[in-house]
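The values are calculated or read from the model by the stated rules, or taken from the named source; none is laboratory data. What you see is a predicted model, and the numbers here were worked out from it, not measured in a lab. Positions of Cβ are backbone-derived with ideal geometry, glycine not excepted, and every protein chain shown enters the neighbour counts. All accessible areas refer to the heavy atoms of the entire protein, side chains included, with ligands and DNA or RNA removed. Shrake-Rupley method; radii C 1.70, N 1.55, O 1.52, S 1.80 Å.
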Amino acid sequence: MKHDIEIAQEAKIRPIVEIGEKLGIQPDELELYGKYKAKIPLHFIDEGRTKIAKLILVTAITPTPAGKEKQQPQ
């Protein structure tokens, strides 16, 4: 089984405008954050599907070299 990093490195990143067009979202309706990220208007959300959908939030913090050596308050 491949590790997450291997899968990510093999993935071909496509511009978000291309993905939006495939979903029927016009480029002028996207709020772009660079070439690969965007927000979409709320009217594209299907309320019927959200009621049966599951949301998984994943978050992580990686210490920076500057923050790694900080002392904890005593």
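Within the range 33-66, the residues that satisfy the criterion of being open to solvent by less than 90 Å² (accessible area, probe 1.4 Å) and not in a loop (DSSP other than H, G, I, E, B) are 38, 44, 48, 50, 66.
Applying a threshold of 7 Å to beta carbon distances and a minimum spacing of six or more residues, or different chains, the list of pairs starting in the range 33-48 at a residue that is without any contact (Cβ under 8 Å) to a residue 60 or more places away in the chain and ending at one that is outside any helix (DSSP H, G or I) and hydrophobic (A, V, I, L, M, F, W, C) reads 36/13; 38/30; 38/32; 40/25; 40/30; 44/25. Only residues that are surrounded by 10 or more Cβ atoms within 10 Å (Cβ to Cβ) and either assigned to a helix (DSSP H, G or I) or touching an Asp or Glu at 6+ places or on another chain (Cβ under 7 Å) (or both) were counted in the range 16-32, giving 8.
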